[in-house]
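Q: My questions all concern the structure below.
The values are calculated or read from the model by the stated rules, or taken from the named source; none is laboratory data. Just so you know, these numbers come straight off a predicted model, no measurement behind them. Backbone-built Cβ (ideal geometry, glycine too); neighbour counts: all protein chains shown.
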Amino acid sequence: MEYRRLDDFPFLTCVTPNLEAGFPASFFMAVPVDKFQISYKDIFISYLECDVTDLDTLVQRLKAAGEPTRLRMLALLAEGDLTVKDFTLILEQSQPRISRHLKILTDADLINRSPEGSWVYYKLAEDDQARELVTLLNEQLNPEDPVLDGDLAALRAIWNVHLERATRYFSRNATSWDRIRSLHVSDEQVEQAMLNAVHGRHFQSLLDLGTGTGRILQLFSGQIDKGVGVDMSHSMLEVARANLARDAVTNTEVLHGSILDLARFEESSDLVTIHQVLHFLDEPHRAIEEAARALLPGGVLVLVDFAPHHLEFLRDDHAHRRLGFDTEHVRRWIEDAGLVMTSDAELHRQDEGEDALTVCLWVASKPERPQGVLSLA
């Protein structure tokens, strides 16, 4: 007898709504295709391939999540990584109280601690079963609940403060930004690695996110038909325009805008670059998601940023929100955005001193759209 998935039979939702609603994606429900009139005896469920959680672990996780403050925390962490200070401001609770709730969620493996220098970021656990449980719980929450809506509003207000601080920093340092970058690993080494990463390919359209001085537009100008740089800082855009005009780069332009909202650039570019920008963001994964959104099928994403480090002065004096990224975190963000990581590399300074920074380069591609499938963009 031939069987097909339940989702091929929408009329079954009225027959077994209580069954279909609660199962993880790995559960498989089927009915015989030769029957139009069906009964409960014709339906079977197979869970042989489903990852399972042992009883004690599941109970511990449900107990940890089953408290209003901790459930609010999980909902907030679904938006991005947060610190204890962020939680105290959003939830208006004391630091010891917040820390106790975070410890319970951490002990249940629902969230992970990620130390960055003297700060600790909390994020949803990377364990697939734990993430599926948190996702399922969050899906049951009413997004219009006034408490949750207030939490999200407070979260966005905090991120806006961080963004304004970074923008002020860029404005203060606009004329010397290239010099600040030169304090790290050689710009020439990084730029050559970026060029090597695309293997001499010619692109129709480059989108450079957080374009800064416009240097990446200049770098790729000979390999593109056109290029667009996006940045939030008006001062940086003035510098970029001056640099591009000075070097007679005529196939590019720079625009003011947020790299976290690229709706107008959807599937517009076959090359997207994010060069030394992610560490300024509270939500670096969102920048990667938006980059994926802007990529055409078959397009290439080139990311450049620091490996994990402990140079606190970059956070205190230069508005860095994150002290570098490890490749596995970046890989997960890339895959979650629907892309495929194709290569990664580390670029080390020759004088490997105590304050030396390692620059990482990650390259990803967007899968080609299957033939016969049309874009709705």
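Q: For the stretch 247-277, enumerate the residues that are among the charged types (D, E, K, R) and either surrounded by 14 or more Cβ atoms within 10 Å (Cβ to Cβ) or in contact with a strand residue (DSSP E or B) (Cβ under 6 Å, 6 or more places away or on another chain) (or both).
A: Hits for the stretch 247-277 are E253, E266, E267, D270.
Q: Consider the stretch 74-118. How many of its residues are assigned to a helix (DSSP H, G or I), surrounded by 15 or more Cβ atoms within 10 Å (Cβ to Cβ) and touching a residue at least 40 places away in the same chain (Cβ under 8 Å)?
A: Final tally of qualifying residues: 10.
Q: For the list (1) touching a Pro at 6+ places or on another chain (Cβ under 6 Å); (2) surrounded by fewer than 20 Cβ atoms within 10 Å (Cβ to Cβ), I need the number of the one condition that G324 fails.
A: If we test G324 against (1) touching a Pro at 6+ places or on another chain (Cβ under 6 Å); (2) surrounded by fewer than 20 Cβ atoms within 10 Å (Cβ to Cβ), just (2) comes out false.
Q: Evaluate the stretch 349-371: report whether one residue or more is within 22 Å of L82 (Cβ to Cβ), among the small types (G, A, S), surrounded by 14 or more Cβ atoms within 10 Å (Cβ to Cβ) and at pLDDT below 90.
A: No; the residues of the stretch 349-371 include none that is within 22 Å of L82 (Cβ to Cβ), among the small types (G, A, S), surrounded by 14 or more Cβ atoms within 10 Å (Cβ to Cβ) and at pLDDT below 90.
Q: Could you look through the stretch 332-342, keep only residues that are assigned to a helix (DSSP H, G or I) and in contact (Cβ under 8 Å) with a residue 24 or more places away in the chain, and pick out the one that is surrounded by the fewest Cβ atoms within 10 Å (Cβ to Cβ)?
A: D336
Q: Among the listed residues R369, R321, which satisfies the condition of being in a loop (DSSP other than H, G, I, E, B), in contact (Cβ under 8 Å) with a residue 24 or more places away in the chain, out of contact with any Asp or Glu (no Cβ under 6 Å at 6 or more places or on another chain) and basic (K, R)?
A: The match here is R369.
Q: Here are some residues: F265, F313. Which one is over 24 Å from E188 (Cα atoms), free of Cβ contacts under 8 Å to residues at least 12 places away in the same chain and among the hydrophobic types (A, V, I, L, M, F, W, C)?
A: Criteria check complete, one pass: F313.
Q: All but one of (1) within 18 Å of the chain's Cα centre (by Cα); (2) part of a helix (DSSP H, G or I); (3) over 30 Å from L76 (Cβ atoms) hold for T273; state the number of the condition that does not hold.
A: (2)
Q: So which residues in the stretch 124-151 are surrounded by 15 or more Cβ atoms within 10 Å (Cβ to Cβ) and closer than 20 Å to D282 by Cα?
A: If the condition is that a residue be surrounded by 15 or more Cβ atoms within 10 Å (Cβ to Cβ) and closer than 20 Å to D282 by Cα, then L124, A125, L148, D151 are the ones that fit.
Q: Let me ask you something else. Among the residues of the stretch 292-299, is any at pLDDT below 95, surrounded by fewer than 23 Cβ atoms within 10 Å (Cβ to Cβ) and among the small types (G, A, S)?
A: no
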